[in-house]
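Chemist: Could you have a look at this structure, given as structure tokens, before my questions?
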Amino acid sequence: MAKKSSSGTVSTTSSHRRGFAIPYLSIPRMRNSMHSQERSIRRDVLVDKRPLISSDLKIRPIPEGTIVHLLGHPHKPEGPDLGVLSVGASSELRPVSPSQWFLIADEVWGADRHQVVANELRPKYSSVDQSHGRVRILLEGKHVGALLSKGSGADFSDASFALGKAIVTLLGRITIHVTRLDQERWEIIVLRTLAESVYDDLIQMGGEFSA
């Protein structure tokens, strides 16, 4: 701010008062800071839910890791080769719909890891971090298919639902993503805000098979 003295001399003073200076942060640093803060304050949504454990059926929440939604070209339906990406040994690719997949990892990725993988995927695929918005639930036992059939119109029989198959369907009125990991291991991915409702429904429906 310019000030004029009684003698006519013009002097300039800073408009920033001491103690009110705003520290400079580059855009990447701001994004990393926001991402780290989000990870530190986010609570596992099913952390207070007790698992169902019996000889014939087990239902438990999976600790939150990383879920990335991948979108490819509609005329090139093949998914990316995870072997050439910096995704880690625990990562898996789950089909969602034509030219769309969920990239799943058990560990939590930081902003730098997300950026590296996004750069490796371009230009063939776009990626969106969905870790903050989706939750995974593990179901184990010989009765899982019958349990899911109580709340869904999909066919979960061995003849129709092969190992590794994944579909999007309804459980009651809630959309879920179901993958058959093994003969008696299944995984559900559901929107975070609906995870508690789905988990409670699974526990209630599983009561018949948990004796």
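The values are calculated or read from the model by the stated rules, or taken from the named source; none is laboratory data. Quick caveat, the model's predicted, so the values are computed rather than measured. A quick note on method: Cβ atoms are made from the backbone with ideal geometry, for glycine too, and the neighbour counts reach across all protein chains shown.
Chemist: Identify, from the list 208, 196, the residue that is part of a helix (DSSP H, G or I), loosely packed, with under 15 Cβ neighbours inside 10 Å and of a type outside the set (A, V, I, L, M, F, W, C).
Modeler: 208 is the lone residue from the list that is part of a helix (DSSP H, G or I), loosely packed, with under 15 Cβ neighbours inside 10 Å and of a type outside the set (A, V, I, L, M, F, W, C).
Chemist: Could you say which residue among 155, 201 is out of contact with any Ser or Thr (no Cβ under 7 Å at 6 or more places or on another chain), over 22 Å from residue 99 (Cβ atoms), assigned by TED's automatic domain parsing to the domain that holds residue 60 and in a loop (DSSP other than H, G, I, E, B)? Lay out the reasoning, then the answer.
Modeler: On the way: 201 fails: in a loop (DSSP other than H, G, I, E, B).
Just one listed residue meets the conditions, 155.
Chemist: Looking only at residues in the stretch 47-73 that are over 20 Å from residue 128 (Cβ atoms) and part of a strand (DSSP E or B), which one is nearest to the chain's Cα centre (by Cα)?
Modeler: 61
Chemist: Further question on the same structure: Give the residues of the stretch 74-105 that are part of a strand (DSSP E or B) and among the small types (Gly, Ala, Ser), sorted by residue number. Write out each step before concluding.
Modeler: Initially, the stretch 74-105 is screened for residues part of a strand (DSSP E or B), giving 92-97, 100-105.
Answer for the stretch 74-105, where residues must be part of a strand (DSSP E or B) and among the small types (Gly, Ala, Ser): 97, 105.
Yes or no, residue by residue, for (1) crowded, with 16+ Cβ neighbours inside 10 Å; (2) in contact with a His (Cβ under 8 Å, 6 or more places away or on another chain):
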{"residue": "100", "(1), (2)": "yes, yes"}
{"residue": "106", "(1), (2)": "no, no"}
{"residue": "148", "(1), (2)": "yes, no"}
{"residue": "159", "(1), (2)": "no, no"}
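Chemist: Which residues, counting only those in the stretch 190-211, are in contact with a helix residue (DSSP H, G or I) (Cβ under 8 Å, 6 or more places away or on another chain) and under 16 Å from residue 48 (Cα atoms)?
Modeler: Correct list: 202 only.
Chemist: Could you go through the stretch 109-128 and let me know if any residue there is under 19 Å from residue 60 (Cα atoms) and assigned to a loop (DSSP other than H, G, I, E, B). Explain how you work it out, then say what you get.
Modeler: From the stretch 109-128, those under 19 Å from residue 60 (Cα atoms) are none; that's our starting set.
No - not one qualifying residue is present in the stretch 109-128.
Chemist: For the stretch 105-132, which residues satisfy the criterion of being in contact with a Lys or Arg (Cβ under 8 Å, 6 or more places away or on another chain) and free of Cβ contacts under 8 Å to residues at least 60 places away in the same chain?
Modeler: Selection gives 124 alone.
Chemist: Okay, moving on. Determine which member of the set 138, 181 is of a type outside the set (S, T, N, Q), free of Cβ contacts under 8 Å to residues at least 24 places away in the same chain and surrounded by 15 or more Cβ atoms within 10 Å (Cβ to Cβ).
Modeler: 181
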